[in-house]
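**Student:** To start, I am sharing the structure in question, which I have written as structure tokens.
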Number of protein chains: 2
Amino acid sequence: MAAEKNTHAAPTAKDMKDIVALCKRRGFIFAASDIYGGLNGFWDYGPLGVELKNNLRDRWWRDMVVTPPIGPDGQPIEIVGLDSAIIQNPKCWEASGHVGGFNDPMVDCKESKKRYRADHLIVLSPNDGQGPWLAFDKEASADEIAQRLKKHARGRPESDYTRGQLDKTPVADFPKIIGPDAKEPGTLTEPRQFNMMFHSYAGAAAGEENKVYLRPETCAGIFLNFKNVLDSSRVRVPFGIAQIGKAFRNEVTPRNFIFRSREFEQMELEWFCHQDDVPMWFDFWVEQRKKFWESVGLPLNHLHFYDTPKADLAHYSARTIDFEYQFPFSGDGFDELEGIAHRGNFDLTQHQEFSKAKLEYMDPTDNTKRYLPHVIEPSAGLSRGVLALLCEAYTPDPNRPSGVYLNFTPAMAPKKAAILPLTAKEEHAAPATNLYLELREDFAVDLDIKQNIGKRYARQDEIGTPFCFTIDDQTNADQTVTVRERNTMAQERISLDKVHEYLRVKMKA
Amino acid sequence: MAAEKNTHAAPTAKDMKDIVALCKRRGFIFAASDIYGGLNGFWDYGPLGVELKNNLRDRWWRDMVVTPPIGPDGQPIEIVGLDSAIIQNPKCWEASGHVGGFNDPMVDCKESKKRYRADHLIVLSPNDGQGPWLAFDKEASADEIAQRLKKHARGRPESDYTRGQLDKTPVADFPKIIGPDAKEPGTLTEPRQFNMMFHSYAGAAAGEENKVYLRPETCAGIFLNFKNVLDSSRVRVPFGIAQIGKAFRNEVTPRNFIFRSREFEQMELEWFCHQDDVPMWFDFWVEQRKKFWESVGLPLNHLHFYDTPKADLAHYSARTIDFEYQFPFSGDGFDELEGIAHRGNFDLTQHQEFSKAKLEYMDPTDNTKRYLPHVIEPSAGLSRGVLALLCEAYTPDPNRPSGVYLNFTPAMAPKKAAILPLTAKEEHAAPATNLYLELREDFAVDLDIKQNIGKRYARQDEIGTPFCFTIDDQTNADQTVTVRERNTMAQERISLDKVHEYLRVKMKA
């Protein structure tokens, strides 16, 4: 089943609304502090969401740390895990450049009191210079644009206008622009830089000397511990350090469900190697990461691999590839799921300079060779991965009562199977409970006793459970159960004592 | 091996120093931002620390969410998982009382510029009223006290003094007190309340309207989602919601390694039940939690169960029991590892009042019965659990090269086995690599190829690996390997093709 391709059409904005609603209705994802009206940019994972997220998290950790891949030389490579603190010494963020430079250009609208990222707004300027300029969110639909042209420009066609980006527009032209939620022109402020790191204070005084930051990415903790790991474990270059954890960014405009949130999770590997080996390892990791996403259920033809043009790369980087997924809100485009970057030895160089600690690696076969290793970083979003799995699995199907099912691979599904007694009567419920107790030792399974069987199947379809085992009168007569397969809804009877083996085989498929 | 009792003497402060040093040397725990001199109260988990922590985390999750215990009625109980955001709507912390009341009394010393928690200081006042009063840390040794009496009171015996607590001492007497690190009396300020929640700002303006807090405990997210969980899943009272995650407290004086840190992890269950059933479920959870800690390697005779006297309980609570462990820094006492509290329906009542959301539970068998369930909360420290496992496992042994080994249970050990070729030569390394590749599919194992075998055994002893498999010339001759058992250092030869089964059996022991 893992290899089955999802062939439904590309998801749409309408699907996105349905996905968000399903996530709340079935307990995948809730707005944080829902009963208090939520909090912009924060989300909670419900009973099924946390299982789905843990499945993806544990698969990544297993692939990286427990059974790391076989390297180009045929030998298993070395990767160790790490779990560093969210709050680190603030000097770390000076060294990394985040205190000085982790900024987004932000504009405010004096009329609507709303705030926008300048690089997320487009501007239509009239080719003949007549009439106002109009600013839109870059994701605005053709329909929204037409409506505003009707309102502010008597319905002139968009072809009368030139499209530009607000952050590339001279400030002198701002007085002509009508903001996305404004009626009058000239209400947008100049873009100003806004540091995206959340700050706090460690210690009683809320002064500059106690200022600390919530990490905006998990990789920093890896570079900080490069020397500690080398000194305490048996790894030698090339090797990797892997970390999964939360990061925080004070996004100006959180949006698109859990895609751009202020609190999120990352899965990051820093692969340390000699500069000469960068091209080989870069290709290696691109291939490995493709295999990973394919194995958890994202077909490669729904992904896009964006190779950043040389001219746009940072000076220390030879290459960066973004893995992008066709989210329902991506329109005709794609949005980032993972980035694989060659970071040179920029981070170790900076930390060596700022901390004065010696971070050079000594080649154990030649102690005259000392160098700062180069780094290849496959940096994946765990929260974004969960969203991609949900979007990919979402399969409308008018031919079943639920109208939709989630086509998760068995390994990613929050529940591998549901055990459903046909009725709540003892003769059905007791053997069902016994089967549940046997299966749960090895698989995450659900026991659901009450309600009519159709409704219970519908629920399992909506939460993406690949198999349902039903216990009925015949079970007591001949020790068989019905197994119902999620995608095909096909049912067959199998022997009660074969259920465990049946599930074991299906999980490996 | 899991059932073996650790019989070494109670650990001492000296042991604590050794444990901290071993944790750094072998890659369990490092000071956060070590190369920048650290950051008070923050710690990073290294390659082995993260595996140990994950083992404890996953065992708790499994026991709670995947295979929850059988209830008093013989049926499996229902518990679902959750993962809520660290940052929630600030109104949540008004409702819970944390904004108003989550305070520690704090004093500053004008001379030493140090800060203390008033409830952590004791004061010796002379019975005859002659001479200065002396303040000490409550953990000060008899030796330290004698030394300061020698210095400030010409060596008068402690029996000439009355011992009191600083936070119970009238402020009018403060001018007589010499602070713990001061030379002159009268340098301690009045205690003032200090809110222990870290705050930050969500959104661009750092004003009161954007103020948010880092959660000081994970349970709040559970209460916030009580209704969402009921509405989206099939659970019915009694049931539980379990969560593992980070929490933050701006401790005035972080201390004792990872025991009292500013960033830490909790494992919390909120068990919702009818008020009438509180005594039954309270006893149930106390028993379950005892079994848990015993199963991961803490013998019950190293734990202390503190039943809070009625008079000291909050008004809404019928009972609270603290599980305390004899940490090396606990002296003759114990320090808290887990608390099991009856919280009444205080939290749901508060959130219902502040949010105006209806949180009452309707009994499905009688819809005239509506009530706010009572809560029993087993709240365990994950970071503290890791520390307890490390302290318990720490076993000095002068009869082995490492001088010490870590006596983890196989299930908690970061590495279950090490595969060690006798030499790095191909005829040893190749079969060792093959064995490693076979075993790692089912167990966390280490392959360590270079260095003399004695040093490699010593390393595995220090990191607590229960079994080492050594591949030598005889392996190629008769397909056997040497297995060395950590605690006894006994060696025996077993067949290469029996190694997997050997390990599987030992893991279940």
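The values are calculated or read from the model by the stated rules, or taken from the named source; none is laboratory data. No experiment lies behind these values; they were computed from the predicted model shown. With ideal geometry, Cβ positions are generated from the backbone for all residues, glycine too; neighbour counts draw on all protein chains shown. Surface areas here come from the heavy atoms of the whole protein model, side chains and all, with no ligands, DNA or RNA. Shrake-Rupley method; radii C 1.70, N 1.55, O 1.52, S 1.80 Å.
**Student:** Just a yes or no: is a residue in region A:57-71 buried (at least 21 other Cβ atoms within 10 Å of the Cβ), within 7 Å of another protein chain (Cβ to nearest Cβ) and in contact (Cβ under 8 Å) with a residue 60 or more places away in the chain?
**Tutor:** So far as region A:57-71 goes, no, none of its residues is buried (at least 21 other Cβ atoms within 10 Å of the Cβ), within 7 Å of another protein chain (Cβ to nearest Cβ) and in contact (Cβ under 8 Å) with a residue 60 or more places away in the chain.
**Student:** Here is a follow-up. Could you go through region A:290-299 and let me know if any residue there is in the same structural domain as A:Thr365 (by TED's automatic domain parsing), of a type in the set (Ser, Thr, Tyr) and in a strand (DSSP E or B). So that I can check it myself, show each step before the final result.
**Tutor:** Initially, region A:290-299 is screened for residues in the same structural domain as A:Thr365 (by TED's automatic domain parsing), giving A:290-299.
The next check asks that each one be of a type in the set (Ser, Thr, Tyr); those that pass are A:295.
Restricting the remaining residues to those that are in a strand (DSSP E or B) gives none.
Within region A:290-299, none of the residues are in the same structural domain as A:Thr365 (by TED's automatic domain parsing), of a type in the set (Ser, Thr, Tyr) and in a strand (DSSP E or B).
**Student:** Restricting to region B:23-63, count the residues that are within 28 Å of B:Arg289 (Cβ to Cβ) and part of a helix (DSSP H, G or I).
**Tutor:** Of the residues in region B:23-63, 17 are within 28 Å of B:Arg289 (Cβ to Cβ) and part of a helix (DSSP H, G or I).
**Student:** Out of B:Ala140, B:Ala135, B:Ala146, report the one residue that is hydrophobic (A, V, I, L, M, F, W, C), out of contact with any helix residue (DSSP H, G or I) (no Cβ under 8 Å at 6 or more places or on another chain) and more than 30 Å from A:Pro216 (Cβ to Cβ).
**Tutor:** Details: B:Ala135 fails: out of contact with any helix residue (DSSP H, G or I) (no Cβ under 8 Å at 6 or more places or on another chain); B:Ala146 fails: out of contact with any helix residue (DSSP H, G or I) (no Cβ under 8 Å at 6 or more places or on another chain).
The match here is B:Ala140.
**Student:** For region A:354-368, what are the residues that are more than 10 Å from every other protein chain (Cβ to nearest Cβ), touching a residue at least 60 places away in the same chain (Cβ under 8 Å) and within 14 Å of A:Lys227 (Cβ to Cβ)? Break it down into steps so the answer makes sense when it comes.
**Tutor:** Kept after step one, since they are more than 10 Å from every other protein chain (Cβ to nearest Cβ), are these residues of region A:354-368: A:360-363, A:365-368.
With the extra rule that they be touching a residue at least 60 places away in the same chain (Cβ under 8 Å), the set shrinks to A:361, A:363.
Result: A:Tyr361, single match.
**Student:** Okay, next question. If you check B:Leu348, B:Leu372, B:Leu382, which single one turns out to be within 14 Å of chain A (Cβ to nearest Cβ) and within 15 Å of the chain's Cα centre (by Cα)? Break it down stepwise before answering.
**Tutor:** On the way: B:Leu348 fails: within 15 Å of the chain's Cα centre (by Cα); B:Leu372 fails: within 15 Å of the chain's Cα centre (by Cα).
B:Leu382 is the lone residue from the list that is within 14 Å of chain A (Cβ to nearest Cβ) and within 15 Å of the chain's Cα centre (by Cα).
**Student:** Which of the residues belonging to region A:4-29 are open to solvent by less than 40 Å² (accessible area, probe 1.4 Å) and either at pLDDT below 95 or within 14 Å of chain B (Cβ to nearest Cβ) (or both)?
**Tutor:** A:Asn6, A:Pro11, A:Asp15, A:Met16, A:Leu22, A:Cys23, A:Gly27, A:Phe28, A:Ile29
**Student:** To continue, here is another question. From the set of residues in region B:411-437 that are in a helix (DSSP H, G or I) and within 11 Å of chain A (Cβ to nearest Cβ), which is most open to solvent (accessible area, probe 1.4 Å)? Talk me through it step by step, then tell me what you get.
**Tutor:** Here is the first cut: in region B:411-437, the ones in a helix (DSSP H, G or I) are B:426-437.
Now narrow it down to the ones that are within 11 Å of chain A (Cβ to nearest Cβ): B:429-430, B:433-434, B:436-437.
Values: B:Ala429: 12, B:Ala430: 34, B:Thr433: 12, B:Asn434: 100, B:Tyr436: 20, B:Leu437: 52 Å².
Only one residue tops the list, namely B:Asn434.
**Student:** Also: All but one of (1) in contact with a Cys (Cβ under 6 Å, 6 or more places away or on another chain); (2) more than 9 Å from chain A (Cβ to nearest Cβ); (3) not basic (Lys, Arg) hold for B:Ser33; which doesn't?
**Tutor:** So the condition that B:Ser33 fails would be (2).
**Student:** Among the candidates A:Glu158, A:Glu190, which residue alone is over 27 Å from B:Gly203 (Cα atoms), among the charged types (D, E, K, R) and open to solvent by 20 Å² or more (accessible area, probe 1.4 Å)?
**Tutor:** Numbers: A:Glu190 fails: over 27 Å from B:Gly203 (Cα atoms).
The match here is A:Glu158.
**Student:** For region B:438-509, give me every one of the helices (runs of 4 or more DSSP H) that falls completely inside it and has 3 or more residues that are in contact (Cβ under 8 Å) with a residue 40 or more places away in the chain and open to solvent by 10 Å² or more (accessible area, probe 1.4 Å).
**Tutor:** On the way: elements: B:453-463, B:473-478, B:499-508.
By residue number, B:453-463, B:499-508.
**Student:** Determine whether B:Asp332 is within 30 Å of B:Lys17 (Cα to Cα), of a type in the set (Asp, Glu), at pLDDT below 95 and open to solvent by 40 Å² or more (accessible area, probe 1.4 Å).
**Tutor:** Criteria met by B:Asp332.
**Student:** Has region B:228-236 got any residue that is touching a Leu at 6+ places or on another chain (Cβ under 9 Å), closer than 30 Å to A:Tyr36 by Cβ, hydrophobic (A, V, I, L, M, F, W, C) and not in a helix (DSSP H, G or I)?
**Tutor:** no
**Student:** Write out, first by first residue and then by second, each pair whose Cβ atoms fall under 6 Å of each other, whose residues are 6+ apart or on separate chains, and whose first residue, in region B:111-132, is closer than 10 Å to B:Tyr161 by Cα while the second is open to solvent by 30 Å² or more (accessible area, probe 1.4 Å) and of a type in the set (A, V, I, L, M, F, W, C).
**Tutor:** These pairs meet every condition: B:Val123/B:Trp133; B:Ser125/B:Trp133.
**Student:** Then there is this: Out of A:Asp347, A:Asp276, A:Asp332, A:Asp322, which single residue is charged (D, E, K, R), in the same structural domain as A:Leu214 (by TED's automatic domain parsing), outside any strand (DSSP E or B) and closer than 28 Å to A:Ala140 by Cα?
**Tutor:** Working: A:Asp347 fails: closer than 28 Å to A:Ala140 by Cα; A:Asp276 fails: closer than 28 Å to A:Ala140 by Cα; A:Asp322 fails: outside any strand (DSSP E or B).
Exactly one of A:Asp347, A:Asp276, A:Asp332, A:Asp322 is charged (D, E, K, R), in the same structural domain as A:Leu214 (by TED's automatic domain parsing), outside any strand (DSSP E or B) and closer than 28 Å to A:Ala140 by Cα, namely A:Asp332.
**Student:** Looking at (1) touching a residue at least 60 places away in the same chain (Cβ under 8 Å); (2) within 30 Å of B:His304 (Cβ to Cβ), which one does B:Glu338 not meet, given that it meets all the others?
**Tutor:** Just one mismatch for B:Glu338, condition (1).
**Student:** Which residue is farthest from A:Gln75 (Cα to Cα), if the candidates are limited to region A:237-267 and must be outside any strand (DSSP E or B) and at the interface with chain B (Cβ under 10 Å from one of its Cβ atoms)?
**Tutor:** Step one: of region A:237-267, the residues outside any strand (DSSP E or B) are A:237-238, A:249-254, A:256-259, A:261-262.
So of that shortlist, the ones also at the interface with chain B (Cβ under 10 Å from one of its Cβ atoms) come out as A:250-252, A:254, A:261-262.
On the way: A:Asn250: 43, A:Glu251: 43, A:Val252: 46, A:Pro254: 44, A:Ser261: 40, A:Arg262: 40 Å.
The extreme case among them is A:Val252.
**Student:** Still on this model: Can you confirm whether B:Val50 is within 7 Å of another protein chain (Cβ to nearest Cβ) and either crowded, with 22+ Cβ neighbours inside 10 Å or among the hydrophobic types (A, V, I, L, M, F, W, C) (or both)?
**Tutor:** Values: within 7 Å of another protein chain (Cβ to nearest Cβ): yes; either crowded, with 22+ Cβ neighbours inside 10 Å or among the hydrophobic types (A, V, I, L, M, F, W, C) (or both): yes.
For B:Val50, the condition - within 7 Å of another protein chain (Cβ to nearest Cβ) and either crowded, with 22+ Cβ neighbours inside 10 Å or among the hydrophobic types (A, V, I, L, M, F, W, C) (or both) - is met.
**Student:** Based on this model, can you work out whether A:Tyr436 counts as modelled with pLDDT of 95 or more, over 30 Å from B:Arg236 (Cα atoms), over 31 Å from the mean Cα position of the chain (by Cα) and hydroxyl-bearing (Ser, Thr, Tyr)?
**Tutor:** Numbers: modelled with pLDDT of 95 or more: yes; over 30 Å from B:Arg236 (Cα atoms): no; over 31 Å from the mean Cα position of the chain (by Cα): yes; hydroxyl-bearing (Ser, Thr, Tyr): yes.
For A:Tyr436, the condition - modelled with pLDDT of 95 or more, over 30 Å from B:Arg236 (Cα atoms), over 31 Å from the mean Cα position of the chain (by Cα) and hydroxyl-bearing (Ser, Thr, Tyr) - is not met.
**Student:** Which one is surrounded by the most Cβ atoms within 10 Å (Cβ to Cβ), of the residues in region B:197-216 that are more than 10 Å from chain A (Cβ to nearest Cβ) and either in contact with a Lys or Arg (Cβ under 6 Å, 6 or more places away or on another chain) or within 15 Å of B:Cys92 (Cα to Cα) (or both)? Working first, answer last.
**Tutor:** Applying the first criterion (more than 10 Å from chain A (Cβ to nearest Cβ)) to region B:197-216 yields B:207-209, B:211, B:215-216.
Adding the requirement that they be either in contact with a Lys or Arg (Cβ under 6 Å, 6 or more places away or on another chain) or within 15 Å of B:Cys92 (Cα to Cα) (or both) leaves B:209, B:211, B:215-216.
Details: B:Glu209: 8, B:Lys211: 14, B:Arg215: 25, B:Pro216: 20.
Top of the filtered list is B:Arg215.
**Student:** Next up: Would you mind stating whether B:Pro180 is more than 30 Å from A:Gln193 (Cβ to Cβ) and either open to solvent by 60 Å² or more (accessible area, probe 1.4 Å) or within 14 Å of chain A (Cβ to nearest Cβ) (or both)? Lay out the reasoning, then the answer.
**Tutor:** Numbers: more than 30 Å from A:Gln193 (Cβ to Cβ): yes; either open to solvent by 60 Å² or more (accessible area, probe 1.4 Å) or within 14 Å of chain A (Cβ to nearest Cβ) (or both): no.
Answer is no for this residue.
**Student:** OK, next. What number of residues within region B:30-47 satisfy the criterion of being surrounded by fewer than 24 Cβ atoms within 10 Å (Cβ to Cβ) and farther than 27 Å from A:Tyr201 by Cβ?
**Tutor:** Total meeting the criteria: 0.
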